[in-house]
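See structure below.
Only the coordinates and a few stated rules stand behind these numbers; no lab work does. Just so you know, these numbers come straight off a predicted model, no measurement behind them. As a convention, Cβ positions derive from the backbone with ideal geometry for all residues, glycine included, and neighbour counts pool all protein chains shown.
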Amino acid sequence: MDEQQTMQRSGPGRLLWLFVILAIVALWWNFRPDPEQQVSRAQLAADAALAETDPDDILVDLKDDATPDAIERAFGIDLVLVDDSGVAQATRLYRARVDPAQRDSLLAQLAKRSDVEIAEPDAMMQLSPTDMLVRAPAVEPTHEGYPNDPKYKYQWHLRQIGMPEAWKLTDGNGVIVAVLDTGVGYETYNKFNELEDLKGIEFVKPYDFVGNNKHANDDHGHGSHVTGTIAQVTNNGIGVAGVGRNLKIMPLKVLSASGSGSVGGIADAIRYAADNGAKVINMSLGGAFPSKVLEKAVAYAHKKGVTVICAAGNESRSKVGYPAAYPGAVAVSATQFDESITFYSNYGKDIDIAAPGGNTRVDQNGDGMPDGVLQNTIVPGDPSKGDYYGYMGTSMASPHAAGVAALVVGEGVTDPTMVEKILKDTARKPANQKYTSEKYGAGIIDAPAAVKQARSQGGGLKLGLGLLMAGAIAASARRRGLGVKLGWTYLAGVVVGASGLFFLPYIAPELSSAPVVYALTHGLPSWDLSVLGPMGHGNAVFFSALLPLGLLAVGYGFAKARAPLAGLAIGVAAHLAFFAVVPLVEVQVPSVFGIGTLWLAVNALVCLGLARLALRR
């Protein structure tokens, strides 16, 4: 009889633990990322044959333990580091000038060597051509409300992605976006002057990979325009607005005044950005050819937790260009005012998402200005002067997506695969246009929807998982004899640890950007975002059992504190278990052999053990 009673008492607890396991499996299944589309090697080879390359230059990527001396002696060539930023030295990426007639034979011989990882021509990448830009009217239109930037009237493209609502939710929280382009008009230096509507943006760790110096100034105009879309100073009574008014920009000049640059320099710039704190990279550049060196750099950035956003290309081809087509990159096609895909935009199976790219040939909204994407940039041919121009191209679409991706990262979603998933899951279908995935990918980017989904981060699911765990722990503790009385404080602890008041942003979105509100609307481990900022999110101390352990060590002697502390430990366990199966956050532990997932799972189990300890007699 005693054994039967014990089994009857343990039945509810076992059933709840079964529900916990089923819930975790369901979470994993529902949130698993879409598989990356792999570019076939046959297609890569075919595209490579069409590559525009410098016939005199090759790239040689050495193995980590190799030195250039042996290769220089064997082939009579001089291997020179691609740049002086320090990245090439770390990655062992060299450039050599060779006899064009001997190039292909030399590359074939190098590829067979055990000390060479990659040997390929140094291909050139460039800005895709579009046929015209337009200057904004000189007469300042009146504009009341938010933002108060006088030319915002002409920025239909920001309204198309829902920025008026998104601005109420977030400002970007200081996330760093690397702009790999022609440079940025960010400083007064020699012949360059700081653009008026970029004053106030924080620029970090600039580098010129064309001239090999620390002054990444814009001598073309394209890079400054792209930067404006991402982070133009907003609501300052000057000029125009941008996506993220509190984003930081890392200007990396990889393209010359003519709009072209080498694969070697671009690849090193990607690694430089990933190693120096960028969480999003925008590349409004590309070509129809692949590069193993560039593909490797994109994979490196993705592994380092960087979301890579790329323009799909402007050739009106049914194939996405490179680097946009690589796994780990988000390929962006371009829409115009009526939400149709533009005449110039590339399309195809590798398109991930669509965003406004503009069309300066038409004025569909009848505002008196052709429908380009309007931003502050340098006057063509004179980098000492600035003005406001409407551009068009997938180059303009990409920074809209990059800006929104940075807003998502600023809400605490740092894993690039999950950032991409949120952008796709929240994208909307075009209004009054036929939708096809080959043209729009998942749809047109929707900034407020993406921010809201990132902010909630499955708050209800974390809380539900926490409540299941709390019920199972309580049933187990009752069977063994409770040492404390359970009540509302036990459940309150679960809420604080697991999810916070996650629903508040939906009730009062205008208050949701305040740091204290963020803490109130997230579980305890994610408070690191409020304390340490986006760069510190995923901190191994916060995302562990250490905080519940410390609190329990202090409060264990107080009988009334043990129930809420047990609930808190259970809530933290649910929070950690959620992120173990839904990798929205890159936990700051070594990223090898699944250590991050193992760290979260083990610490979740420790938290459950702490909860049982707190509730025992």
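Computed quantities for the displayed model
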read-out	value
Among P137, G237, V362 - extreme Cα towards positive end, dipole of the chain, charges at beta-carbon	G237
Residue among I266, I161, A406 farthest towards the positive dipole end of the range 134-454, charges placed on Cβ	I266
Farthest toward positive dipole pole in the range 134-454 [+1 Lys/Arg, -1 Asp/Glu at C-beta], among Y300, Y189, S395	Y300
Radius 12 Å from Cβ of E438, net charge of other residues (Lys, Arg +1; Asp, Glu -1)	+3
For A312, residues with placed amide H under 5 Å, excluding near neighbours	V332
Of all DSSP beta bridges in the chain, antiparallel share, percent nearest 5	55 percent
Residues whose placed amide H lies under 5 Å from that of T307, excluding near-sequence neighbours	V280, I281
Calculated from backbone phi, Karplus (6.51, -1.76, 1.60) coupling profile of the range 185-202 in Hz, x at Gly/Pro	x, 9, 8, 8, 7, 6, 7, 9, 10, 5, 6, 5, 8, 9, 5, x, 6, 8
Karplus-derived 3J(HN,Hα), 6.51/-1.76/1.60, for each residue of the range 267-275, Hz, glycine and proline x	4, 5, 5, 4, 5, 4, 4, 5, 7
Tilt relative to the chain, helix 292-303 - C-alpha long axis, 0 to 90 degrees, to 10	30 degrees
Share antiparallel - DSSP beta bridges, the range 134-454, percent rounded to 5	35 percent
Contact order normalised by residue count of the range 410-560, Cα under 8 Å, 6+ apart, percent	19 percent
Spin-label model distance (nm) - K319 vs R97, 7 Å beyond Cα toward Cβ	3.3 nm
Normalised contact order of the range 55-164, rounded percent, pairs of Cα under 8 Å and 6 or more residues apart	29 percent
Dipole magnitude (debye, nearest 20) for the range 134-454, charges at Cβ of Lys, Arg, Asp, Glu	740 debye
The range 206-330: antiparallel DSSP beta bridges as a percent of all, rounded to 5	20 percent
Euclidean distance between Cα centres, the range 567-617 to the range 139-198, Å	40 Å
Using θ = phi - 60° and Karplus 6.51 cos²θ - 1.76 cosθ + 1.60, couplings along the range 374-387 (whole Hz; Gly, Pro as x)	9, 8, 7, 8, 7, 5, x, x, 9, x, 7, 10, x, 7
Dipole magnitude (debye, nearest 20) for the chain, charges at Cβ of Lys, Arg, Asp, Glu	3460 debye
Entries in K191/K304; K151/K292; K112/K303; K385/K424 that, when Cα-Cα distance is taken, lie over 32 Å	K191/K304; K151/K292; K385/K424
Long-range tail of P(r) for the chain (Cα pairs > 43 Å, %)	28 percent
